[in-house]
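A short worksheet on the structure shown next.
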Amino acid sequence: MGNLPNAEIPFGLPLVLASGSPRRSQLLSAAGYQFSIDPASDSAECGVCSRETAPELVARYAFRKAEDVARKHAGKMILAADTVASVNGQILGKPSNEQHAAEMLRTLSGKRHSVFTGVCLWSTVDHRCLVEVVQTELEMEPISDQVISDYLETMLWEGKAGAFGYQDGNDWIRIVNGGSESNVVGLPMERLKELLESFEESAEKINL
């Protein structure tokens, strides 16, 4: 993915990643960030609300994850994120099993779709936060059941929104319109840099 951008953490606060995702950790490490990891509890993800759009869902989940972890860390900057794929208004999160993953890949086959990542930065010094949603468009070539079966055998689909990983090197998926590769992986590093740089001016107070 080339050189990943980074920025200073506002107020020099220690950074806590509120996610157990190894891909988000890898992105932050590759960009040179120093951070600790404290995943949010499963209760921070409470299902899809009626008529909730993909951007609304990931923004809500990112906020809830940051809120959950913020309660345990005084004087730190919490970073939380949530990623889903969406095709024709249908939200595709992480597959629950191999059959579910196959269904997702058949749904995406031959279609253009979007990946949305919600990002929340939360300062526990003054309990102010920023929430942003980044969208990246992708296009999946029509893929056969054999291609799907071969990919499922790799187990690389586990824990990935839409049941695929852009970073897995598949030639049947591509980003269109110059979107963010790191956003598809799970954390939009370009936008994260901008959010960190604008945090002091743009973050809003949260009443816990």
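The values are calculated or read from the model by the stated rules, or taken from the named source; none is laboratory data. In this text the structure is predicted, and so the values were computed from the model without any measurement. Neighbour counts run over all protein chains shown; Cβ positions are idealised from the backbone, glycine included. Side chains are part of the model used for accessible areas, which takes the heavy atoms of the whole protein and leaves out ligands, DNA and RNA. Shrake-Rupley method; radii C 1.70, N 1.55, O 1.52, S 1.80 Å.
Can LEU4 be described as in a helix (DSSP H, G or I) and either more than 17 Å from LYS205 (Cα to Cα) or open to solvent by 30 Å² or more (accessible area, probe 1.4 Å) (or both)? Spell out how you get there, then give the answer.
Details: in a helix (DSSP H, G or I): no; either more than 17 Å from LYS205 (Cα to Cα) or open to solvent by 30 Å² or more (accessible area, probe 1.4 Å) (or both): yes.
Considered against the rule, which asks whether it is in a helix (DSSP H, G or I) and either more than 17 Å from LYS205 (Cα to Cα) or open to solvent by 30 Å² or more (accessible area, probe 1.4 Å) (or both), LEU4 comes out as no.
Right, SER109: of a type in the set (Ser, Thr, Tyr), without any contact (Cβ under 8 Å) to a residue 40 or more places away in the chain and either open to solvent by 50 Å² or more (accessible area, probe 1.4 Å) or within 24 Å of ALA30 (Cα to Cα) (or both) or not?
Values: of a type in the set (Ser, Thr, Tyr): yes; without any contact (Cβ under 8 Å) to a residue 40 or more places away in the chain: yes; either open to solvent by 50 Å² or more (accessible area, probe 1.4 Å) or within 24 Å of ALA30 (Cα to Cα) (or both): no.
Here the answer is no, as SER109 does not meet what is asked.
Step by step: first the residues of the range 64-92, then only those that are of a type outside the set (D, E, K, R) and surrounded by fewer than 20 Cβ atoms within 10 Å (Cβ to Cβ), then the one that is farthest from CYS120 (Cα to Cα). Which residue is that? Can you show your working first?
Here is the first cut: in the range 64-92, the residues of a type outside the set (D, E, K, R) are 66, 69-70, 73-75, 77-81, 83-92.
Narrowing further to those that are surrounded by fewer than 20 Cβ atoms within 10 Å (Cβ to Cβ): 73-75, 87-91.
Details: HIS73: 15, ALA74: 17, GLY75: 16, VAL87: 24, ASN88: 26, GLY89: 23, GLN90: 23, ILE91: 20 Å.
Residue satisfying both the conditions and the ranking: ASN88.
Of the numbered criteria (1) touching a strand residue (DSSP E or B) at 6+ places or on another chain (Cβ under 7 Å); (2) open to solvent by 70 Å² or more (accessible area, probe 1.4 Å); (3) of a type outside the set (Phe, Trp, Tyr); (4) outside any strand (DSSP E or B), the one GLN135 fails is (4).
In the range 83-100, the residues that are closer than 23 Å to GLN135 by Cα form Cβ pairs under 6 Å with partners that are among the polar types (S, T, N, Q) and open to solvent by less than 20 Å² (accessible area, probe 1.4 Å), at six or more places apart or across chains, as follows: THR83/THR117; SER86/SER114.
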